[in-house]
């Protein structure tokens, strides 16, 4: 048996029961019981499982849980809170601008993949809010949306970028 | 949507009817009675037996007014991700005069919502709206009658707003719906006599309304099926045969796999059940299984497949009623004769999340949580598999990923049922990506032969349409028998119940000599394989319209006519003509024959049109494309769509639905063909079954709404705008390049090859 270890998910410490090579996604969903990241392919091809590890977007379906040790894992469930903490926002109803823009632009159909789009776009804009349309297209090109909600997503990310710039 | 969570997670005892008070409301003779308080419609009885049907003729089956003044409305439809639950809530809010935010929808639970079969064929609005509208109108009538008695004011002098009934001339005399019902259940037989609201008074219906589910989804608070957990739940994964038709020889004994609870084998069906999800994934991957080495079941390539379709003896042939004159004679004498073959491939639903389900099978009853579109028929199939009476099975729909028809959701449900039965504990099954893309039921391929003739003046005088497709195996009634699931097909000994669907194009071209033929070729050998077929969004519609509307363009070219003018010269339905004119006008269509004059190398651009009706809705689409003649790279730069689906309940939502239809159908046209070899499906993930990505989307999608008046019946919008896309793009490619593309998909490689090898028309 490997030594027991913890990961930190949305600011809360969690003792991992799974083996260290278990993909982070299953620990997040079945142990930490978050709902944001979802299984889409298990192959890092679609992005539905995206979470932030120390602020960077990561495909949790292929990252071993032990690799998240000692790092801050943020899921969509905790994105708004983390944003508020970073920005010093008191209003507990405030969302990350990307989340709000997805609502304002109605940027989804079934929403199963939306986690990946919101988390990837949030990391992109957190890093650099002034982006061209071309940069948005390229930055999100590794994500899949089977319903075809891309037009709304494009509007939403542009709106969020404007908000954050 | 939080109702769905409550419904799924709560465990409440069965309701019983104790007190009952009845009174007659004067002339209307409505009977209103009360039962003991129930927690809304939401939870329903956790333990069976559950009634065979929730009675559709009773108001309380559709509408529950809760003590806090909120309203729960039930419908036998599901939310497929297009926002229909908000449209339904709008209907209820409107008729009852309650704020939209106070209406919660409950959908697709066989124990608590009326059997409307579920959703399919874009019928959610068509069937769901009238049912909810009349139930809500009757509930309002009953509540007004109660308020009249309570306030001692005649009904005619009452008005309602925000769920509060007031005397018109004495506004301080008021009572809320919540106070009237007092947490009890309003029970009422539907009389069919209460007139719904005059559309002129609509405040909520027909207004752009943000979807109720989207804020929850953006905050990760929306509860999907994949989030559903049952105490003591185990995890299952399936092991499908490595080759089509392979028989299970044995699973070697003594295999040590962490967390393994059971290896389940029945016939050629193999699956594992483990304590933890990651253990089940590993066990399914590492399990050693001996399979037989079967003879090839599939053609070796698409060329071989289409050749087989064109030469196979049909199982059944049908001619469309839309028939005129003598096509063969007319073609013999036509001044210009044209003949062309078109081909459309197998396509996968490829839902974002592969199939998932949870089942809790006990000795005498079973609960199933499923993401499929039709939970009511699935209940029958589950009862058959478990040899239980229908009352012993409850299927509860929970939101899955977009399904676009008969995807793998019902298969996953049956897998969960079989595995839960085998281990005697609740089991959650989720497919891996290869089980989803590789094994979901596929849209069937079709090979077309079209022939047409023009007279010396370029007038269309003969049109001959012939489709050769595989037995569609369409489950129009849903998964009604166990034998329609891959689970039962691998177990063996079950009979399927799916039907063939003839593959006709839909249009209203009036041609003096016209014939449409559809041949269905048997494909039953495919049933336990990854090339079994079922319906995918707008079943056959994209394919038949691709062939038909591409060929109309070819005829327009032969006649040296503008493609819009050529269509308008023959189209006979005025609404169809209106859609074609509207889309051309909005697109700024330049009237001229295709292809566009100019040098055909480097990057060229063009535009194409196609139109199609579908079940009362009409769509005309213009695609504008840029094509690189050297590399074969192509991008749609703009779509323009004229869309007539009658009265629109939620225009904001319709925009999103149309845009998504366009992008998905563009993906299907540009990228999607299920790859296979003689033994297996080769498309098993997003690398081997690519779909559209963000770099390819158009710069704009412009939508023109038509016929959107309260007088026009609301029709479906879930699928119609998928239909013309492939044809519109192919016609635009021809306009840009002078090269006609007759096979889907229009991949970069296919286009490059076509530009190199095909003669260019001028």
When the range A:51-61 is checked residue by residue, the ones that are touching a residue at least 24 places away in the same chain (Cβ under 8 Å) and either within 14 Å of residue B:353 (Cα to Cα) or in a loop (DSSP other than H, G, I, E, B) (or both) are A:55, A:60, A:61
Condition met for residue B:583 (more than 24 Å from residue B:561 (Cβ to Cβ) and either within 28 Å of the chain's Cα centre (by Cα) or not assigned by TED's automatic domain parsing to the domain that holds residue B:563 (or both)): no
If you take the residues in the range A:59-100 that are away from chain B (no Cβ under 13 Å) and buried (at least 23 other Cβ atoms within 10 Å of the Cβ), which one is nearest to residue A:164 (Cα to Cα)? A:73
Given the conditions (1) surrounded by fewer than 19 Cβ atoms within 10 Å (Cβ to Cβ); (2) in a loop (DSSP other than H, G, I, E, B); (3) modelled with pLDDT of 95 or more, every one holds for residue B:249 apart from (2)
Hey, can you tell me all the residues within the range A:133-165 that are touching a residue at least 24 places away in the same chain (Cβ under 8 Å), part of a helix (DSSP H, G or I) and facing another protein chain (nearest Cβ under 8 Å)? A:136, A:152, A:153
If you check residue B:316 against the conditions, is it more than 14 Å from chain A (Cβ to nearest Cβ), crowded, with 19+ Cβ neighbours inside 10 Å and in contact (Cβ under 8 Å) with a residue 60 or more places away in the chain? no
Of the criteria (1) within 11 Å of chain B (Cβ to nearest Cβ); (2) out of contact with any strand residue (DSSP E or B) (no Cβ under 6 Å at 6 or more places or on another chain), which one residue A:55 fails: (1)
Residue under question is residue A:13, and the condition is that it be over 12 Å from the mean Cα position of the chain (by Cα), without any contact (Cβ under 8 Å) to a residue 12 or more places away in the chain and under 26 Å from residue A:147 (Cα atoms); does it hold? no
Counting only residues that are assigned by TED's automatic domain parsing to the domain that holds residue B:74 and surrounded by fewer than 16 Cβ atoms within 10 Å (Cβ to Cβ), give me the strands (runs of 3 or more DSSP E) lying completely in the range B:132-231 with at least 3 of them. B:170-176
Among (1) part of a loop (DSSP other than H, G, I, E, B); (2) under 23 Å from residue A:150 (Cβ atoms); (3) touching a strand residue (DSSP E or B) at 6+ places or on another chain (Cβ under 7 Å), there is one condition residue A:41 misses while meeting the rest; what is its number? (3)
In the range B:693-711, anything within 11 Å of chain A (Cβ to nearest Cβ) and closer than 9 Å to residue B:643 by Cβ is listed as B:703
Selection count, the range B:670-715, where residues are under 23 Å from residue B:622 (Cβ atoms), assigned to a loop (DSSP other than H, G, I, E, B) and touching a strand residue (DSSP E or B) at 6+ places or on another chain (Cβ under 6 Å): 6
Failed condition for residue B:264, given (1) within 14 Å of chain A (Cβ to nearest Cβ); (2) in contact with a helix residue (DSSP H, G or I) (Cβ under 6 Å, 6 or more places away or on another chain); (3) buried (at least 19 other Cβ atoms within 10 Å of the Cβ), with all others met? (1)
Single match in B:627, B:648, B:622 (criterion: surrounded by 24 or more Cβ atoms within 10 Å (Cβ to Cβ), in contact (Cβ under 8 Å) with a residue 40 or more places away in the chain, more than 14 Å from chain A (Cβ to nearest Cβ) and in a loop (DSSP other than H, G, I, E, B)): B:648
Only one of A:116, A:111, A:47 is touching a strand residue (DSSP E or B) at 6+ places or on another chain (Cβ under 8 Å) and in the same structural domain as residue A:146 (by TED's automatic domain parsing). Can you tell me which? A:116
Filtered residues of the range A:1-31 (kept if away from chain B (no Cβ under 12 Å) and either within 20 Å of residue A:116 (Cα to Cα) or surrounded by fewer than 21 Cβ atoms within 10 Å (Cβ to Cβ) (or both)): A:2, A:3, A:4, A:5, A:6, A:8, A:9, A:11, A:12, A:13, A:14, A:15
Read through the list (1) in contact with a helix residue (DSSP H, G or I) (Cβ under 9 Å, 6 or more places away or on another chain); (2) touching a residue at least 60 places away in the same chain (Cβ under 8 Å), then give the number of the only condition that residue B:388 fails. (2)
Give the residue that is nearest to the chain's Cα centre (by Cα), with candidates limited to residues of the range A:101-117 that are more than 8 Å from chain B (Cβ to nearest Cβ) and part of a helix (DSSP H, G or I). A:116
Hey, any hits in the range B:214-227 for a residue that's within 14 Å of chain A (Cβ to nearest Cβ) and touching a strand residue (DSSP E or B) at 6+ places or on another chain (Cβ under 6 Å)? yes
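The values are calculated or read from the model by the stated rules, or taken from the named source; none is laboratory data. Owing to the predicted nature of the structure, the values given are computational and were not obtained by experimental measurement. For neighbour counting, all protein chains shown are included, and Cβ atoms are generated from backbone atoms with ideal geometry for every residue, glycine included.
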